[in-house]
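Enquirer: What follows is a single structure, and I will ask about it in a moment.
The values are calculated or read from the model by the stated rules, or taken from the named source; none is laboratory data. The structure displayed is predicted, hence computed values, not measured ones. Every residue, glycine among them, receives a Cβ derived from its backbone with ideal geometry; neighbour counts consider all protein chains shown. Just the protein is used for accessible areas: all its heavy atoms, side chains included, with ligands, DNA and RNA removed. Shrake-Rupley method; radii C 1.70, N 1.55, O 1.52, S 1.80 Å.
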Amino acid sequence: MPIFNLVRRGAYHDSVTLMRLSRDMEAVPGVTRAAAMMGTPQNRALLRDAGLLAADGDAAGPTDLVMTVIADDAHAAQLAWAAADAALARRSDAGPTTTRPRSLTRALDEFPDATLALISVPGPYAAAEATKALHAGLHVMLFSDNVSLADEITLKRLARERHLFVMGPDCGTAILGGVPLGFANAVPRGRIGLAAASGTGLQAVSCHLAAAGEGVSHAIGLGGRDLSDDVGGLMLEPALALLAADPDTTVVCVLGKAPGPTTSKKIRGWLERLGKPWVAHFTGDSDLNSAPTLEDAALAAVAVARGARHTAREFTLPETEIARVVAEAGAGLKASRRFVRGVYAGGTLAQEAAALLRVHVGDSGVGHHITDLGDDAHTVGRPHPMIDGTVRREWITREAEDPATAVILLDVVLGYGAHPDPAGELLPAIAAARTRGVTVIASVCGTETDPQGLSRQADALRRAGVVVMPSNAQAARIAARITEKRS
């Protein structure tokens, strides 16, 4: 099919806007693939490798918007570009809150009392903009990805010198003083503070806290590499100091991937000197873990805040109910269907599910596997699966067509910035999988006050025959129960 590129000169847009434009263009009849990206050399290379770059797009510059379409014909491409232009026009007409200064200097002129800059520019340019913000006395939430490790270290050292924070790079979620940033959820203010090198991990824990009747004082995103030995917790240490000094924070919860061995020793010292009770959960093996799952990290923090103890359990439902669900879900499965196939939008949730499957059913080569569709390898020229469900529908269909698939395991992530109906987007593929005799198990990460509504999303899944569990960990465990005697 032909490739069509349209270049808008000097039309910069942030990455979240670009992901939504890609979604809107791809929804046009006759369009097979669509992408909206800034014309940086790196982005042009990504488009070229994905087979999405034509001559017009190859001539674009870093500040030019490239809208690329694979379509039946030029008319379908024109309709796709018109859909993108209409979406941009709606943003421009949305009102005074959508003011878009063209530089940091102009933004500070317009908002002189600002204390934080959210930076979402292409990776090669993000460090320069973050440096300007730090020199202007602003904290930085660095949403941009593809920022070099060397730049991250330099930025975080500069931030520490100036008693500021750099959250990121690739920081998608934070809640500061009750203000949600990025892909955060609508959770109440409260007495539990979070420091997280994990976006969907932070979302999951904050939502479990809300479900238990507690709230968040601050949730400080650190960026996924902050706990590596290369970075050495440069932002975790001041984040813990801030939460220790905050009178509204009574319990501290630390989340992330397993830290590097040198950094792990530092973290232990920081936690021991914190002066407040703390809970830690790191995905994978870590001797710092005081909670085995994200759900347990939240429940343990709740228990500590209330002067109680938390005992981890595999399921919060009665064992008789679990046995019934397992029996019903496994009753119609053919003998050839033996494996769990996870199709995830959240990286940390995918890692947690994979770790739990290894514990309960072991590694099976090409058998059980979890795919994180939010990984950069799957989002080239396409919107993130938390914004658009197209790629997930394709993967659900693909996994269901495999005669060895017994269970498809899903996460459905709600919150600001996410798709307005993420469960609804997946229902056509779920229905097709159910028709093939595949069991579908899901968890919903969200709250009742999220724009999408936790109950509305969970009920829609249940009506489609999906087994909906109270947490990602419980969903992974019940999937293992169903398949453990089959693999």
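Enquirer: Does R23 meet the test of being part of a strand (DSSP E or B) and open to solvent by 20 Å² or more (accessible area, probe 1.4 Å)?
Expert: Values: part of a strand (DSSP E or B): no; open to solvent by 20 Å² or more (accessible area, probe 1.4 Å): yes.
So R23 fails the test.
Enquirer: Then there's this: Could you tell me which of the residues A303, A350, A329, A291 is in a helix (DSSP H, G or I), out of contact with any Phe, Trp or Tyr (no Cβ under 6 Å at 6 or more places or on another chain) and closer than 30 Å to H378 by Cβ? Spell out how you get there, then give the answer.
Expert: Values: A303 fails: closer than 30 Å to H378 by Cβ; A350 fails: out of contact with any Phe, Trp or Tyr (no Cβ under 6 Å at 6 or more places or on another chain); A291 fails: in a helix (DSSP H, G or I).
The unique qualifying residue is A329.
Enquirer: For region 224-238, state whether one or more residues are open to solvent by 10 Å² or more (accessible area, probe 1.4 Å), under 29 Å from A475 (Cβ atoms) and outside any loop (DSSP other than H, G, I, E, B).
Expert: No, the conditions are met nowhere in region 224-238.
Enquirer: Any idea which of G256, G213, G199 is open to solvent by 10 Å² or more (accessible area, probe 1.4 Å) and either among the aromatic types (F, W, Y) or within 19 Å of A355 (Cβ to Cβ) (or both)? Steps first, please.
Expert: Numbers: G256 fails: open to solvent by 10 Å² or more (accessible area, probe 1.4 Å); G213 fails: either among the aromatic types (F, W, Y) or within 19 Å of A355 (Cβ to Cβ) (or both).
Going through G256, G213, G199 in turn, just one is open to solvent by 10 Å² or more (accessible area, probe 1.4 Å) and either among the aromatic types (F, W, Y) or within 19 Å of A355 (Cβ to Cβ) (or both): G199.
Enquirer: Give the residues of region 438-459 that are over 20 Å from the mean Cα position of the chain (by Cα), over 23 Å from A323 (Cα atoms) and surrounded by 15 or more Cβ atoms within 10 Å (Cβ to Cβ), sorted by residue number. Walk me through it before giving the result.
Expert: Looking only at region 438-459, we keep the residues that are over 20 Å from the mean Cα position of the chain (by Cα), and these are 438-440, 455-456, 459.
Checking the rest, the ones that are also over 23 Å from A323 (Cα atoms) come to 455-456.
R456, the sole residue that qualifies.
Enquirer: Every residue in region 148-181 that is open to solvent by 50 Å² or more (accessible area, probe 1.4 Å), assigned to a helix (DSSP H, G or I) and of a type outside the set (A, V, I, L, M), please.
Expert: Listed by number, the residues that qualify are D151, T154, R157, R160, E161.
Enquirer: When you scan region 338-355, how many residues do you find that are open to solvent by 20 Å² or more (accessible area, probe 1.4 Å) and either out of contact with any helix residue (DSSP H, G or I) (no Cβ under 8 Å at 6 or more places or on another chain) or under 18 Å from G284 (Cα atoms) (or both)?
Expert: Of all residues in region 338-355, those open to solvent by 20 Å² or more (accessible area, probe 1.4 Å) come to 338-339, 347, 351, 354-355.
This time we only want the ones that are either out of contact with any helix residue (DSSP H, G or I) (no Cβ under 8 Å at 6 or more places or on another chain) or under 18 Å from G284 (Cα atoms) (or both), so: 347, 351, 354-355.
The qualifying residues number 4.
Enquirer: Might you check whether a residue that is outside any helix (DSSP H, G or I), under 21 Å from H384 (Cβ atoms) and open to solvent by 10 Å² or more (accessible area, probe 1.4 Å) occurs anywhere in region 420-437? Step through it out loud before you land on a result.
Expert: Of region 420-437, the ones outside any helix (DSSP H, G or I) are 420-421, 436-437.
Restricting the remaining residues to those that are under 21 Å from H384 (Cβ atoms) gives 420-421.
Keeping just the survivors that are open to solvent by 10 Å² or more (accessible area, probe 1.4 Å) gives 420-421.
Checking region 420-437: at least one residue is outside any helix (DSSP H, G or I), under 21 Å from H384 (Cβ atoms) and open to solvent by 10 Å² or more (accessible area, probe 1.4 Å).
A quick yes/no check of all residues on (1) at pLDDT 85 or above; (2) assigned to a loop (DSSP other than H, G, I, E, B):
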{"site": "G367", "(1), (2)": "yes, yes"}
{"site": "H384", "(1), (2)": "no, yes"}
{"site": "I387", "(1), (2)": "yes, yes"}
{"site": "R392", "(1), (2)": "yes, no"}
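Enquirer: Given the structure, is R462 in a helix (DSSP H, G or I), at negative phi, open to solvent by 50 Å² or more (accessible area, probe 1.4 Å) and modelled with pLDDT of 95 or more? Step through it out loud before you land on a result.
Expert: Details: in a helix (DSSP H, G or I): yes; at negative phi: yes; open to solvent by 50 Å² or more (accessible area, probe 1.4 Å): yes; modelled with pLDDT of 95 or more: yes.
Taking the combined requirement at face value, the residue satisfies it.
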